[in-house]
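Let me begin by presenting the structure, written as structure tokens, before commenting on it.
The values are calculated or read from the model by the stated rules, or taken from the named source; none is laboratory data. A quick note: this is a predicted structure, and the numbers were derived from the prediction, not measured. Cβ placement follows ideal geometry from the backbone for every residue including glycine, while neighbour counts extend to all protein chains displayed. The accessibility values were calculated without ligands, DNA or RNA, using every heavy atom of the protein model including side chains. Shrake-Rupley method; radii C 1.70, N 1.55, O 1.52, S 1.80 Å.
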Amino acid sequence: MLDLKGKVAFVTGAGAIGAGWGNGKATAVLLARQGAKVFGTDINPAAVEETRAIIAKEGGVCFTTTCDMTDSDSVKKSVDACLEHFGRIDILINNVGGSAPGDPVSMSEEVWDRQLDHNLKTAFLGCKHVLPVMEKQGSGAIVNISSVAGFAHQVDGRVHVAYSTAKSGLVGFTRSTAMAYVKKGIRCNLVIVGTMHTPLVEERLVKQLGPEAGANLVAKRHAAVPIGRMGDAWDTAHAVLFLASDEARYITATHLVVDGGLTAARPG
Ligand SMILES: NC(=O)c1ccc[n+]([C@@H]2O[C@H](COP(=O)([O-])OP(=O)(O)OC[C@H]3O[C@@H](n4cnc5c(N)ncnc54)[C@H](O)[C@@H]3O)[C@@H](O)[C@H]2O)c1
């Protein structure tokens with residue numbers, strides 16, 4: 001079940017912003033545990049090196065590059081390096097993303113543009129450079145990473161209008177890409193991630209707010225989820241693994257919500 005032996009997985013944002021497991025890092029390690037050769041890219045070389053070292057220590061295979069997924073040349077170089085190293089790409093995980101606060105008035109145009117690049121263009125460029133490889137092979141599976149923030153107001157009341165826009169935009173991007181390549185043996189799906197307790201929460205939110213307000217926010221986030229707690233990066237990774245695997249061979253142009261019931265409990 002969910003055996004990825006013989007497959008090569010290209011994972012973007014394969015490091016994590018701080019200590020512990022981010023979605024891309026857990027996904028890279030899980031795919032390697034299932035037998036895939038992992039090609040991890042990240043803008044932060046130290047972060048992706050940590051992921052590589054974990055995979056190597058567990059006896060898996062991982063090669064990495066430093067890559068800015070908002071930059072087409074940089075993405076192409078990484079795809080070329082992956083082909084040079086492993087000769088093929090079977091799985092593409094478009095994981096890069098992150099939020100910046102602001103509503104249409106308070107957010108500067110620069111932040112808006114950067115947010116759309118960070119959360120939407122990264123997936124576009126991943127597909128732009130990997131799809132021709134998959135098309136030549138006649139097979140491939142792509143999983144994009146979205147957020148419930150694209151579908152419902154945040155439990156803590158924070159507004160990040162560009163992030164929400166980009167993350168809901170990934171639905172259209174995923175469906176449209178899936179349909180463009182459905183006859184070519186390539187599947188494209190989306191994982192919509194809920195409020196997860198990843199290093200991002202500790203590194204960004206808790207540090208931004210201070211220890212007391214940070215702890216309150218974490219408690220509020222746990223309590224808001226119908227299952228009773230936030231998920232973690234492994235919950236994301238297991239959903240990604242399923243959609244990337246051959247067991248999901250009849251599944252394309254759709255999404256899997258991994259949110260402990262969060263979006264079902266509130267108007268989406
Ligand atoms: N953590 C959550 O609670 C949560 C919830 C919903 C969705 N998500 C989504 O999951 C994805 C990953 O989130 P995470 O929490 O694991 O984040 P993370 O910040 O821990 O990891 C992302 C990695 O991407 C790298 N990165 C950033 N910009 C890059 C670029 N331009 N090119 C290449 N690499 C780059 C970072 O260096 C980092 O190592 C994002 O798309 C995020 O929106 C996260």
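Check off (1) more than 30 Å from Tyr250 (Cβ to Cβ); (2) among the small types (Gly, Ala, Ser); (3) surrounded by fewer than 17 Cβ atoms within 10 Å (Cβ to Cβ) for Ala162 and give me the number that stays unchecked.
So the condition that Ala162 fails would be (3).
Suppose the filter is at negative phi, among the small types (Gly, Ala, Ser) and either under 17 Å from the mean Cα position of the chain (by Cα) or within 12 Å of the ligand (Cβ to nearest atom) (or both); does Ser146 pass it?
The answer is yes for Ser146.
Consider Thr263 carefully, then state whether it is more than 26 Å from Thr51 (Cα to Cα) and surrounded by 20 or more Cβ atoms within 10 Å (Cβ to Cβ).
no
Which residues, counting only those in region 198-233, are over 14 Å from Val155 (Cα atoms), assigned to a helix (DSSP H, G or I) and open to solvent by 50 Å² or more (accessible area, probe 1.4 Å)?
Once the filter is applied, which keeps residues that are over 14 Å from Val155 (Cα atoms), assigned to a helix (DSSP H, G or I) and open to solvent by 50 Å² or more (accessible area, probe 1.4 Å), region 198-233 yields Leu200, Glu202, Glu203, Arg204, Lys207, Gln208, Leu209, Pro211, Glu212, Ala215.
Collect the residues in region 1-32 that are part of a loop (DSSP other than H, G, I, E, B) and among the β-branched types (Val, Ile, Thr), keeping them in residue-number order.
Ile17
Could you list, in sequence order, the residues of region 1-31 that are more than 23 Å from Leu131 (Cβ to Cβ) and either among the aromatic types (Phe, Trp, Tyr) or more than 16 Å from the ligand (Cβ to nearest atom) (or both)?
Met1, Leu2, Asp3, Lys5, Trp21 - these are the residues of region 1-31 that are more than 23 Å from Leu131 (Cβ to Cβ) and either among the aromatic types (Phe, Trp, Tyr) or more than 16 Å from the ligand (Cβ to nearest atom) (or both).
Which of the residues that make up region 247-264 are farther than 24 Å from His222 by Cβ, more than 19 Å from the chain's Cα centre (by Cα) and touching a residue at least 24 places away in the same chain (Cβ under 8 Å)?
Glu247, Arg249
For a quick check of your reading of the model, give me the residue pairs whose first member lies in region 16-34 and is farther than 14 Å from Val143 by Cα and open to solvent by 20 Å² or more (accessible area, probe 1.4 Å), whose second is near the ligand (Cβ under 8 Å from one of its atoms) and among the charged types (D, E, K, R), with beta-carbon atoms closer than 6 Å and at least 6 apart or on different chains.
Pairs found: Ala16/Lys25; Ile17/Glu203.
With the requirement that a residue be within 13 Å of the ligand (Cβ to nearest atom), open to solvent by less than 30 Å² (accessible area, probe 1.4 Å), touching a His at 6+ places or on another chain (Cβ under 8 Å) and not hydrophobic (A, V, I, L, M, F, W, C), what does region 79-111 give you?
Gly98
Condition first: free of Cβ contacts under 8 Å to residues at least 40 places away in the same chain, more than 9 Å from the ligand (Cβ to nearest atom) and either open to solvent by 30 Å² or more (accessible area, probe 1.4 Å) or part of a loop (DSSP other than H, G, I, E, B) (or both). Now tell me which residues in region 35-45 satisfy that.
Of everything in region 35-45, those that are free of Cβ contacts under 8 Å to residues at least 40 places away in the same chain, more than 9 Å from the ligand (Cβ to nearest atom) and either open to solvent by 30 Å² or more (accessible area, probe 1.4 Å) or part of a loop (DSSP other than H, G, I, E, B) (or both) turn out to be Gly35, Pro45.
State all residues of region 98-134 that are closer than 30 Å to Lys183 by Cβ and in contact (Cβ under 8 Å) with a residue 60 or more places away in the chain; if no residue qualifies, say none.
Listed by number, the residues that qualify are Thr122, Gly126, Cys127, Val130.
Being open to solvent by 70 Å² or more (accessible area, probe 1.4 Å) and either away from the ligand (no atom under 15 Å from the Cβ) or part of a helix (DSSP H, G or I) (or both) is the filter here; which residues of region 64-77 pass it?
The answer is Asp73, Lys76, Lys77.
Is it true that some residue in region 55-63 is in a loop (DSSP other than H, G, I, E, B) and out of contact with any Lys or Arg (no Cβ under 9 Å at 6 or more places or on another chain)?
Yes, region 55-63 contains at least one residue that is in a loop (DSSP other than H, G, I, E, B) and out of contact with any Lys or Arg (no Cβ under 9 Å at 6 or more places or on another chain).
Filter region 46-63 for residues that are aliphatic (A, V, I, L, M) and more than 8 Å from the ligand (Cβ to nearest atom); which is farthest from Thr27 (Cα to Cα)?
Result: Ala46.
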